[in-house]
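S.K.: Just dropping this structure here.
The values are calculated or read from the model by the stated rules, or taken from the named source; none is laboratory data. Since we're looking at a predicted model, the values are computed, not measured. Heads up, the Cβs are rebuilt from the backbone with ideal geometry, glycines too, and the neighbour counts pull from every protein chain shown. In case anyone asks, the SASA skips ligands and DNA or RNA and just uses the protein heavy atoms, side chains included. Shrake-Rupley method; radii C 1.70, N 1.55, O 1.52, S 1.80 Å.
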Amino acid sequence: MKSTLGVCYYPEHWPEEWWAEDARRMREIGLTWVRIGEFAWSRMEPEPGRIDLGWLDRAIAALGKAGLKVVLGTPTATPPRWMLTRHPDMLARDREGRERGFGSRRHYCFSHRGYREDCAGIVSVLAERYGRNPHVQAWQTDNEYACHDTVLSYSDAARSAFRDWLAQKYQSPQALNRAWGNVFWSMDYASFDEIGLPNLTVTEPNPAHVMDFRRFASDEVVSFNRLQTDIIRKYSDRPIAHNYMGRITEFDHFATGADLDIASWDSYPIGFLSDRLEASSEHKRRYLRQGDPDFQAFHHDLYRAVGARRTGGPVAEGRWWVMEQQPGPVNWAPFNPAPLPGMARLWAWEAFAHGAEAVCYFRWRQAPFAQEQMHAGLLRPDSAPAPAYAEAAQVASEIEALGELAPVRAPVALVFDYESAWAWDTQPQGRDFDYFRLAFAAYRALRRLGLSVDMLPPDATDLSDYRLVLAPGVATLSQALRGALQTVGGEVILGPRTNAKTSDFAIPTTPLPPAIPGLDCTVALVESLPPDVAEPLVKGGAIRHWLERLEGAAEVVEATASGQPVLMRAGKVLYLGGWPDDEAFARIIADRCAALGVATESLPEGLRLRDTAGLRFAINYGPEPVTYAGRTIGAADVAWWPR
Ligand code: GAL
């Protein structure tokens, strides 16, 4: 597939006379896509029922005439002020019960039925009008579900929808009481109408109650999104995307993915490094103007898997985009440095190497007004080119020279499970036990060894194509995955905390980790460790954060210096009873790969590799040149060659 570039544009922000010239310049630097519309509800429907789309017709025509393809966003992330007059109770409520007020965005509660009806209304109007417009070549639903902490709402609408959800699931309050263990602390309910939301309790609420609320809240996002995709598909056969985010686990993206043709995400590497990543201050200084070398790749691989959900095809071939790409300093992180020269190009090539169909820079022109006036664009507010403008043009001409890229299955895979993120958030047991952090540590170890990685959903059924599969921290192993463990082509490493909970969020009363046939290894005790404590391993590196006491007759592969088993193995399945630090994780994986005949190497600091079917890409996130495979790759540079 040929890679493409695009940009996010807000025609409603600029005089109409500028649109044609903006479009011409977009084409001139080689852009293909322009995403518009996603926040423009107050201009599409200035008063309830008064639709005004003349300006949007003309904007789409101007962009299309220049040769651009439009991605049209539904505007449901920004309900206009009049919506509140219609539905005063549509605002989400935070955990403290406070309304999330009007005056920014995403102030709606996913469960409010009246708001959903009005969303269906505006989406129908747009889909009917533009569903067959030749210039509208893709759709985006809403904008960044979960952004600004908006999945969990403690509103009246959420409470009544939650009660219905529970009644559907359990059928009787007695069944719910049994599943949750409500005999504990006299928490039994006599009716579903008695059940509240799990906030404002005196001390912690029942974790089973919280888990069901998390599942419910995720289902609400899925059904809200499906409401829109069902309508769009009635009028349009163009692909539908949503723009997901970095390190957001509040809803199950594999579930929304089933209703979307394309998974896309919004990549702000420098912002993420400063506000969304645990790392030493030395690491954050080194990558200050580049972003973390693994964070973007992790999401590229994750969303490629999400993008495979609708067709059910191989995860390596999922359809995905970067819908928003950082072009320069952002406005929202604690500190907002500028990218090193070359990074706006590097990030795009890294995405293409991971299989992105398109990368769209956010935004065309820096807005001189309102919340994001300090956020860079491809153009400055005075319309002069900002630094990323020339880099985007360079990428576009390199795409022309390079031609198509084809995806290839990776030799190793990592299971990623949103429910596990909720589980360990609900019951971390140690303050710093965070599921994303654990999965990311495993991913980083794989990537530092030069491996390309596929991500797998937790219900993957066939692992036969992979030499090594990691499933750390998957709280409840699905039946599908248990079956799939038997099919693995090489080996699987489970743990820590894998299969440590039943689906009712209780500890299984069979020995842990249960139901892993043939693995004679049980977890006799678990402990969490404060961040400054390390349990050294015999072979080097250490266990941090989490340590399990393993018993059984399985072969001991790794042990602590004090002789406690940490990695045990029976046949193809290994169980890891702790959270290895970077050194230990890399060694454990390198040893398994060596045993399985998978080549690994120790890469220069900051360099990462990614293979497509025909090419090897080498991506240098470091601030100085590196030498690799006989080539010098400059700071913030990317190179590729046939493999
Ligand atoms: C994204 C969002 C955009 C814009 C951008 C700024 O999260 O989708 O609308 O706010 O961040 O970096």
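S.K.: Rounded to whole Å and sorted largest first, list the principal axis extents of the Cα atoms in the stretch 309-456.
M.R.: Per principal axis, max minus min of the Cα coordinates gives 51, 41, 31 Å.
S.K.: For the stretch 116-199, build the convex hull from the C-alpha positions and give me its volume per residue in Å³. Walk me through the intermediate numbers first.
M.R.: On the way: hull volume 12.1 nm³, N = 84.
Roughly 145 Å³ of hull volume per residue.
S.K.: A further question follows. Taking the alpha-carbon distance from K539 and a cut-off under 27 Å, which lysines remain once sequence neighbours fewer than 8 residues away in the same chain are dropped?
M.R.: Once the sequence-local lysines are set aside, what remains near K539 is K572.
S.K.: Quick check on the chain: helices-only [θ] at 222 nm, where DSSP H runs of length 4 and up contribute -39,500 (n - 2.57) each and the sum goes over total residues. Nearest 500, please. Could the numbers behind the result be given before it?
M.R.: Values: 18 runs with 207 residues, N = 643.
Per the formula, -10000 deg cm²/dmol.
S.K.: Can you tell me the alpha carbon radius of gyration of the stretch 487-643 divided by the globular rule-of-thumb value 2.2 N^0.38 Å?
M.R.: 1.28
S.K.: Next up: Can you list the residues, at least 5 places off or on another chain, whose amide H is less than 5 Å from the amide H of W14, using H built in the peptide plane?
M.R.: none
S.K.: Let me ask something else. For R113 and R431, FRET efficiency with R0 = 35 Å and r from the beta-carbon atoms, rounded to 0.05? Present the calculation step by step, with values, prior to reporting the outcome.
M.R.: Values: r = 38 Å, r/R0 = 1.09.
With R0 = 35 Å, the Cβ-Cβ based efficiency is 0.35.
S.K.: Tell me the Kirkwood hydrodynamic radius of the stretch 414-477 in angstroms, computed as one over the mean inverse distance between distinct C-alpha pairs.
M.R.: Values: mean 1/r = 0.0800 Å⁻¹.
By the Kirkwood definition, the hydrodynamic radius is 12.5 Å.
S.K.: Calculate what fraction, in whole %, of the accessible area of the chain sits on carbon and sulfur atoms when a 1.4 Å probe is rolled over the protein chains. Can you show the working numbers first?
M.R.: Values: 12060 of 23920 Å².
Using a 1.4 Å probe with all protein chains present, the chain comes out at 50 percent carbon and sulfur.
S.K.: Now, a different point. Below 8 Å, C-alpha to C-alpha, sequence gap of six or more: please give me the relative contact order for the chain in percent.
M.R.: On the way: 1351 pairs, mean separation 69.8, N = 643.
RCO, the chain: 11 percent.
S.K.: Which one of P207, M83, H375 has its Cα pushed farthest toward the positive end of the charge dipole of the chain, where Lys and Arg give +1 and Asp and Glu give -1 at the Cβ?
M.R.: The one lying farthest along the dipole's positive direction is H375.
S.K.: Go through the stretch 333-338 residue by residue and turn each phi into a ³J(HN,Hα) via Karplus (6.51, -1.76, 1.60, θ = phi - 60°); whole Hz please, and just put x for glycine and proline.
M.R.: So the J values, rounded to whole Hz, are 8, x, 9, 10, x, 8.
S.K.: Right, something else. For the stretch 429-512, what is the convex hull volume of its Cα atoms per residue in Å³? All intermediate terms of the calculation are to be shown ahead of the outcome.
M.R.: Working: hull volume 8.9 nm³, N = 84.
Each residue corresponds to 106 Å³ of Cα convex hull volume.
S.K.: Can you pull the semi-axes for the stretch 383-453, root of five times each eigenvalue of the Cα gyration tensor, sorted largest first, whole Å? Before the final figure, lay out the partial values.
M.R.: Working: eigenvalues 278, 82, 24 Å².
For the stretch 383-453, the semi-axes come out at 37, 20, 11 Å.
S.K.: Pull up all non-local amide H partners of Y361: gap of 5 or more, or a different chain, and H-to-H distance under 5 Å with H placed in the peptide plane.
M.R.: Correct list: G6, V7, C8, Q325.
S.K.: Over the stretch 1-128, one equal point on each Cα, no solvent: what is log10 I(q)/I(0) by the Debye formula at q = 0.09, 0.12, 0.17 Å⁻¹?
M.R.: Log10 I(q)/I(0), no solvent term: -0.32, -0.54, -0.89.
S.K.: If each Cα of the chain is one equal point scatterer, what is log10 of I(q)/I(0) from the Debye formula at q = 0.12 Å⁻¹?
M.R.: -1.34
S.K.: I want to verify the translational diffusion coefficient of the stretch 196-254 in µm²/s; compute it with Stokes-Einstein, Rh as the Kirkwood radius over Cα pairs, at 25 °C and 0.890 mPa s. Don't skip to the answer; put the middle values down first.
M.R.: Values: Rh = 13.9 Å.
Roughly 176 µm²/s, to the nearest whole number.
S.K.: Expressed as a whole percent, how much of the Cα-Cα distance distribution for the stretch 185-327 exceeds 23 Å?
M.R.: In whole percent, the long-distance tail amounts to 52.
S.K.: Which of the lysines could a cross-linker bridge to K69, judged by Cα under 23 Å and excluding same-chain residues fewer than eight apart?
M.R.: K2, K234
S.K.: Would you rank H135, H148 by solvent-accessible area, highest first, keeping every protein chain in place and using a 1.4 Å probe? Could you put the intermediate results ahead of the total?
M.R.: Values: H135 55, H148 90 Å².
Heavy-atom accessible area, descending, gives H148, H135.
S.K.: Kindly report, to the nearest 10 Å², the accessible surface of K169 as traced by a 1.4 Å probe over protein heavy atoms only.
M.R.: Taking all protein chains as shown, K169 has close to 90 Å².
S.K.: Where both residues lie in the chain, what percent of DSSP beta bridges are antiparallel, nearest 5? Could you put the intermediate results ahead of the total?
M.R.: Details: 37 of 80 bridges.
Antiparallel bridges make up about 45 percent of those DSSP assigns within the chain.
S.K.: Now for a different question. Give me a comma-separated list of calculated 3J(HN,Hα) values for the stretch 452-458, in order, Karplus coefficients 6.51, -1.76, 1.60 applied at θ = phi - 60°, integers in Hz, x for any Gly or Pro.
M.R.: Running phi through 6.51 cos²θ - 1.76 cosθ + 1.60 with θ = phi - 60° gives 7, 10, 9, 9, 10, x, x Hz.
S.K.: Pulled fully out, how much extra length does the chain show between A167 and N331, if you take 0.36 nm times their separation in residues and subtract their Cα-Cα distance? Before the final figure, lay out each step's value.
M.R.: Values: separation 164, 0.36 × 164 = 59.04 nm, distance 4.42 nm.
Result for the pair: 54.6 nm of gain on full extension.
S.K.: Using every alpha carbon pair in the stretch 535-594, what percent of pairs falls into each 5 Å bin from 0 up to the bin containing the largest distance?
M.R.: Pair shares across the bins are 4, 20, 34, 26, 13, 2.
S.K.: Please give the contour-minus-distance gain from Y189 to A561: 0.36 nm per residue of separation, less the Cα-Cα distance, rounded to one decimal in nm. Let's see the in-between values first.
M.R.: Values: separation 372, 0.36 × 372 = 133.92 nm, distance 4.97 nm.
Result for the pair: 128.9 nm of gain on full extension.
S.K.: Once the dipole of the chain is set up with Lys and Arg at +1 and Asp and Glu at -1 on Cβ about the Cα centre, which of S111, G563, P239 lies farthest towards its positive end?
M.R.: P239
S.K.: Hey, what's the Cα Rg ratio for the stretch 265-318 versus the globular rule of thumb, 2.2 N^0.38 Å? Walk me through the numbers on the way to the answer.
M.R.: Numbers: Rg = 13.9 Å, N = 54, 2.2 N^0.38 = 10.0 Å.
This ratio for the stretch 265-318 stands at 1.39.
S.K.: About its Cα centre, how strong a charge dipole does the stretch 500-642 have in debye, to the nearest 20, once Lys and Arg get +1 and Asp and Glu get -1 at the Cβ?
M.R.: Values: 12 positive and 18 negative charges, 94 e Å.
For this selection, approximately 460 debye.
S.K.: Please go through the stretch 346-429 and write out the chymotrypsin sites (Phe, Trp or Tyr not before Pro) that DSSP classes as loop and that have at most 16 other C-beta atoms within 10 Å.
M.R.: On the way: sites: W347, W349, F352, Y361, F362, W364, F369, Y389, F416, Y418, W422, W424; in loops: F362, W364, F369, F416.
In loop regions of the stretch 346-429 (DSSP not H, G, I, E or B), the sparsely surrounded chymotrypsin sites (Phe, Trp or Tyr not before Pro) are F369.
S.K.: Keeping all protein chains in place, calculate the accessible area per residue for the chain (probe 1.4 angstrom), answer in Å².
M.R.: On the way: 23920 Å² over 643 residues.
Accessible surface, normalised per residue, equals 37 Å².
S.K.: Here is a follow-up. Would you report the distance distribution of C-alpha pairs in the stretch 62-166 as whole percents per 5 angstrom bin, up to the bin with the largest distance?
M.R.: P(r) for the stretch 62-166, in whole percents per bin: 2, 12, 19, 20, 16, 11, 9, 6, 3, 1, 0.
S.K.: How high is the FRET efficiency from E47 to A384, r the C-beta distance, R0 35 Å, rounded to 0.05? Mind showing how you got there, number by number?
M.R.: Numbers: r = 38 Å, r/R0 = 1.09.
In this case the efficiency is close to 0.40.
S.K.: Follow-up question, since we're still on this one. Relative to the present Cα-Cα distance, how much length would full extension add between H13 and E605 at 0.36 nm per residue of separation?
M.R.: Using 0.36 nm per residue and subtracting the Cα-Cα distance, I get 208.8 nm.
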